[in-house]
Number of protein chains: 4
Amino acid sequence: MSVRVGVVGVGVMGADHARTIARVVSGGELVAVADFDSSVAAAVAAEMDARVCADGAALIADEDVDAVVIATRDDTHTDLVLAALAAGKPVMCEKPLAPTAEDCRRVISAQGALAAPVDLVTVGFMRRFDPSYVTLRDRVLSGDLGAPLMAHCVSRTVATSPGGDSASSVTNSAIHELDIVPWLLNSPIVEVSWQRGRSSVNSGTRQDPQLYLLRTASDVLVTVELFLNARYGYDTRCEVVMETGTSALTLPTHVVTDAERRRAVDYPADWILRYRDAYRIELQEWVDSLVEKRPSTLATAHDGLRAARVADALVESMHSAGGWVAV
Amino acid sequence: MSVRVGVVGVGVMGADHARTIARVVSGGELVAVADFDSSVAAAVAAEMDARVCADGAALIADEDVDAVVIATRDDTHTDLVLAALAAGKPVMCEKPLAPTAEDCRRVISAQGALAAPVDLVTVGFMRRFDPSYVTLRDRVLSGDLGAPLMAHCVSRTVATSPGGDSASSVTNSAIHELDIVPWLLNSPIVEVSWQRGRSSVNSGTRQDPQLYLLRTASDVLVTVELFLNARYGYDTRCEVVMETGTSALTLPTHVVTDAERRRAVDYPADWILRYRDAYRIELQEWVDSLVEKRPSTLATAHDGLRAARVADALVESMHSAGGWVAV
Amino acid sequence: MSVRVGVVGVGVMGADHARTIARVVSGGELVAVADFDSSVAAAVAAEMDARVCADGAALIADEDVDAVVIATRDDTHTDLVLAALAAGKPVMCEKPLAPTAEDCRRVISAQGALAAPVDLVTVGFMRRFDPSYVTLRDRVLSGDLGAPLMAHCVSRTVATSPGGDSASSVTNSAIHELDIVPWLLNSPIVEVSWQRGRSSVNSGTRQDPQLYLLRTASDVLVTVELFLNARYGYDTRCEVVMETGTSALTLPTHVVTDAERRRAVDYPADWILRYRDAYRIELQEWVDSLVEKRPSTLATAHDGLRAARVADALVESMHSAGGWVAV
Amino acid sequence: MSVRVGVVGVGVMGADHARTIARVVSGGELVAVADFDSSVAAAVAAEMDARVCADGAALIADEDVDAVVIATRDDTHTDLVLAALAAGKPVMCEKPLAPTAEDCRRVISAQGALAAPVDLVTVGFMRRFDPSYVTLRDRVLSGDLGAPLMAHCVSRTVATSPGGDSASSVTNSAIHELDIVPWLLNSPIVEVSWQRGRSSVNSGTRQDPQLYLLRTASDVLVTVELFLNARYGYDTRCEVVMETGTSALTLPTHVVTDAERRRAVDYPADWILRYRDAYRIELQEWVDSLVEKRPSTLATAHDGLRAARVADALVESMHSAGGWVAV
């Protein structure tokens, strides 16, 4: 039995999801795509032998579509997720689940009203499926090195897209950190502080890099550097400091090259290259859970809400000179 | 459309292939397994909801089986591959294709007699699909650092299985190197020399480690250390020395851990952990090629023969005090 | 011409300085030692064929002593440095120059009153001579990667000595960071914030680890983790994030060892092993400057004061719930 | 008491030794230099406030010179060492001790005739003092990982100097490997084999790279790659494979830099940068041994002879198609 999937929004991220479902995920079948740009939709559909639906609503309503991936613009997520819920169809929504905590709550409320045996909404926090993060979490939760005391996270990308401001750095980009940190440390974030650094000349009016301090319910202090115009490469780092040792993500590499007086490994250029395995494993787990009619291990709508609330608290701290703000 | 696969031999390797096809490969379906140990076959079949066939011959003949994976003992490969050819079914045979070059030639001859539009036999030299080897080959073939001049390879495993002698180290274990080196350097091996080292106390009567010198048609000299009782971990290394620089495989890692005065990354314990991605990608490519009725990029029966001939030359060198032997 | 050096305080640090001067530094000669524990003084003197002086005052007054190294308990530094100044003798005082900023000012004032052509007081901030820090600073100041925007520092040691509290972590241990950060970034620290983390079970009543935020006059935001009971090893890290790339200290290593499923390099157990080269180069530069009657590149009394003032601000922040405090 | 040293030959290597003795070595004093190019001698002497002697013979005869460093052209070593012996003065001769084994024997014979309590001749095999090699040897000799079974060595430099042929690669460059391997494994080399690889387009008529196989009396098989025109950097590698694990030299680094999609560390450009510490420690040990009138741990004339004999055997193998040649 295979799950027939439709993808709404087939820009860079959605087209990648479509390809992964069509070609790599066992038990998944790509049947339909939709995009506000019909030529993009047509191209992706042609490449993968899928149908084009007129829009997200039509795709969600399509009777050949068993499950929906949403990879559209952030501000359209809520309505599309609500439409999927109304149609009783499982949905994997790219992060953020919704632009505001309030919208997240509407989704949760609508899902709760269905009283379905298994929640329909999942959120695409793919880092939870990255083999390095999974290994790091296993090591932390094993307790072999004692309790976590502190953690240091870094998220750097090559350049910002046009648009966006200092707040959107938090809600759109740092949101991955805000989900992964409590998952990694097994404790929710209870207070946050936003700190200004010297801003890059490449950052326009946006504050970039930014530094966040997060404190978990278990009292672990976490530093997060977010730098969207880091230029040198796409780079995610995380070190957890425990009682008797530390453990950290490594940079995934394939070869090391000696040339021109240097010994070097390559950085990926973007998140799709860095997290290719994570996306594949996440979508496989989603499809498997649908086939087996069981809850998946993907992030839930509640996780999406929790991350949104932390993001809101960080933006509030940003507007109040960096003081600690409770989540 | 999905490809219905049967797996003959579901020991450690075959069971892993069965799981990969059943759960991970898109477009592949595991329908049947067979094993000389019927309780093993029953357990794997139950785990993956497949049927048990009485033996390899029955599985190959089964009309619900579109394609066959062979992962039985080396000395049974030839007959099973010939049976699959007789049944006109595609086959992915674990390395070695056959225990002798003569047997490889029989397979090639039988395949040729079919005059099928696409060759039916492929050989499981999975390193060709390992992302690190693929990246290394791309770098070598790009010519950016000039022509390859020398290469250094190391294959180490934790411990030998019972049985086996110095010659079987070559034909059964080093065979991976004998396939990958010419693939990597894009030039066949034309002469070889086998060199004795001091043997490990853990190696019984088998010479271990062994050192091989290989020379390609392009005149590249290659050193290969094979050490089956290396104890510390499963480790594959390869460095290609070019005109203006070198490039080498890195050890795939997920986390680095600081504890007890050491900064450490983990070695995999065996080949299945080290080459998990390679096996998955290889089987996906095999299934894709069957769906699309096109030649795959897997190793062919000719590649299997070429590796066998190099192995034979190495064994001949071993029996003649390490002199160079033409392939 | 050689410089005849006396060392006051020959515990672990002072004995190491004594050995370095006696055996490794060109142009330096160890002539006398003193220690409040006379048996320790006698042992070190015997080992290096030096004389024992009754106490620091006697050593400073000794006419065979041209220059003085002070490596006694922190609270004795001020008086000994003042005594050396009174005797008109150059002094290399282990950090901190004095336990308080006020005492640092007394030293500076006494030194100024001498109106000597070259300042007599230097402070043992040896990291300035560590080849890794020197290389990192060169890279930062070259501007090749643009201006520094942020920096992340980590100072971890195996275990705390008996005694000490949360404030002494700042004034005694973190003081190295407070000196090196402005040296590295070429800009003074102008405000600081002290942040509490979850404290290690091995830390007694002391808050450990601690996190500091520092801001330089050039607006660079710096995070500093200090963890004295990190257990796993002695570890100094520093990464400087610049406009188009980053540069960081590497862990100095000699060999990498593969054993027991791990690939590992060793951590030094303490600061003497980690900074052996730095201490040697620092003392060589000090002796060279004395021979050549020129200012050295060692930290000055003013540097010692600056670090003390930053430490005081951090302690103030600690006592006021982590708010930012101007230096 | 200090040792007054004269340096004969102050090209790149000799000038570096002169500076090290003058400025860095404790107890050493540079008093005189000589060079066949008098302007070079004058410049080095002026820089370090030493005298110029007319030639090596004059320097050796100079009554203010206690000990002699020889860093002249290889073919002048024997006569200068013999002159130093005739003058009864200790000598540190750069490798090779002499261009031929026969000349080495003349030196040993002349030294023996003196019947001095401590041998006067030492040879500049500085790798014995490199902290990485020392740590590696300690690890090997500790036996913690069992007996050594195999070793892999690589010596690469950026480019060859003008002149030189395939044999000179062995006698002049590979000689370092031929000394260090038996020192590291604590067993002499008893047979060797020279192997041709594909030669670099940058190597002229010289075979480059070359591969050597060495076998020790303890039956350890060693591979050595020598590549003088490797272009990318100066690089020495060595891995020792033991019963239960391996240990290898690491590349000494100070910083790691992220830029332009790469994470990179720098290679040194030449041997003086790579072995700066080794040269310093070697010369310090030499001077210490002279002060203390004891044998040093530097390589002896016998070590120089042993390395020369292995080199001769390799050249013989080169002229006989790579067969094994007994030393």
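Considered as a group, the residues in the range D:178-209 that are free of Cβ contacts under 8 Å to residues at least 60 places away in the same chain, within 14 Å of D:Val220 (Cβ to Cβ) and crowded, with 23+ Cβ neighbours inside 10 Å include one that is nearest to the other protein chains (Cβ to nearest Cβ), and that residue is D:Leu184.
Residue check: D:Ala278 meets all listed conditions (1) away from chain C (no Cβ under 11 Å); (2) open to solvent by 20 Å² or more (accessible area, probe 1.4 Å) but one, namely (2). Of the set (1) of a type in the set (Gly, Ala, Ser); (2) open to solvent by 10 Å² or more (accessible area, probe 1.4 Å); (3) assigned to a loop (DSSP other than H, G, I, E, B), all apply to D:Ala167 but (3).
Taking the range A:194-226 only, how many residues are assigned to a loop (DSSP other than H, G, I, E, B) and of a type in the set (D, E, K, R)? Matching residues across the range A:194-226 total 4. Here the range A:54-110 is the region considered, the condition is being in contact (Cβ under 8 Å) with a residue 60 or more places away in the chain and more than 22 Å from A:Asp179 (Cβ to Cβ), and the residue that is farthest from the chain's Cα centre (by Cα) is A:Asp64.
Checking D:Leu85 against (1) outside the structural domain of D:Ala18 (by the TED database); (2) within 23 Å of D:Leu30 (Cβ to Cβ), only one condition comes out false. Which one? In the conditions (1) outside the structural domain of D:Ala18 (by the TED database); (2) within 23 Å of D:Leu30 (Cβ to Cβ), D:Leu85 misses (1) alone. Looking only at the range D:85-108, which residues are touching a Gly at 6+ places or on another chain (Cβ under 6 Å) and over 23 Å from D:Arg4 (Cα atoms)? Selection gives D:Cys104 alone. Identify all residues within the range B:125-162 that are among the β-branched types (Val, Ile, Thr) and part of a strand (DSSP E or B); write none if there are none. Selection gives B:Val154 alone.
Name the residues in the range B:292-327 that are β-branched (Val, Ile, Thr) and away from every other protein chain (no Cβ under 14 Å), would you?
Those that are β-branched (Val, Ile, Thr) and away from every other protein chain (no Cβ under 14 Å): B:Thr297, B:Thr300, B:Val310, B:Val315, B:Val327.
Here is the figure for the range C:281-327: residues that are in contact with a strand residue (DSSP E or B) (Cβ under 7 Å, 6 or more places away or on another chain), polar (S, T, N, Q) and buried (at least 21 other Cβ atoms within 10 Å of the Cβ) total 1. Counting only residues that are surrounded by fewer than 16 Cβ atoms within 10 Å (Cβ to Cβ), modelled with pLDDT under 95 and either β-branched (Val, Ile, Thr) or in contact with a helix residue (DSSP H, G or I) (Cβ under 9 Å, 6 or more places away or on another chain) (or both), the range C:50-74 holds 0 of them. On inspection, B:Arg262 does not qualify as open to solvent by 10 Å² or more (accessible area, probe 1.4 Å) and under 30 Å from D:Ser199 (Cα atoms). Of the numbered criteria (1) loosely packed, with under 15 Cβ neighbours inside 10 Å; (2) among the hydrophobic types (A, V, I, L, M, F, W, C); (3) within 14 Å of chain C (Cβ to nearest Cβ), the one D:Val24 fails is (1). Scoring A:Gly112 on the criteria (1) more than 30 Å from C:Leu228 (Cβ to Cβ); (2) within 14 Å of another protein chain (Cβ to nearest Cβ) leaves a single failure, condition (2). Close Cβ contacts (under 7 Å, 6 or more residues apart or on different chains) running from residues in the range B:123-142 that are facing chain A (nearest Cβ under 8 Å) to residues that are part of a helix (DSSP H, G or I) comprise B:Pro131/B:Asp277; B:Leu136/B:Leu184.
Screening B:Leu145 against (1) of a type in the set (A, V, I, L, M); (2) under 15 Å from B:Asp303 (Cα atoms); (3) more than 18 Å from the chain's Cα centre (by Cα) leaves a single unmet condition, (2).
When the residues of the range D:261-275 are filtered to those that are within 19 Å of B:Thr244 (Cβ to Cβ) and not basic (Lys, Arg), which remaining residue is farthest from the other protein chains (Cβ to nearest Cβ)? Checked the range D:261-275; the qualifying residue farthest from the other protein chains (Cβ to nearest Cβ) is D:Asp270. Mind listing whichever residues of the range A:210-256 are farther than 30 Å from B:Val134 by Cβ, away from chain B (no Cβ under 13 Å) and surrounded by fewer than 21 Cβ atoms within 10 Å (Cβ to Cβ)? Result: A:Ala217, A:Ser218, A:Asp219.
Within the range D:292-327, the residues that satisfy the criterion of being in a helix (DSSP H, G or I) and β-branched (Val, Ile, Thr) are D:Val310, D:Val315.
The values are calculated or read from the model by the stated rules, or taken from the named source; none is laboratory data. Keep in mind that this is a model prediction, so the values were computed, not measured. Note that each Cβ is placed from the backbone with ideal geometry, even for glycine, and that neighbours are counted across all protein chains shown. Heads up: the accessible areas ignore ligands, DNA and RNA and are worked out on the full protein's heavy atoms, side chains in. Shrake-Rupley method; radii C 1.70, N 1.55, O 1.52, S 1.80 Å.
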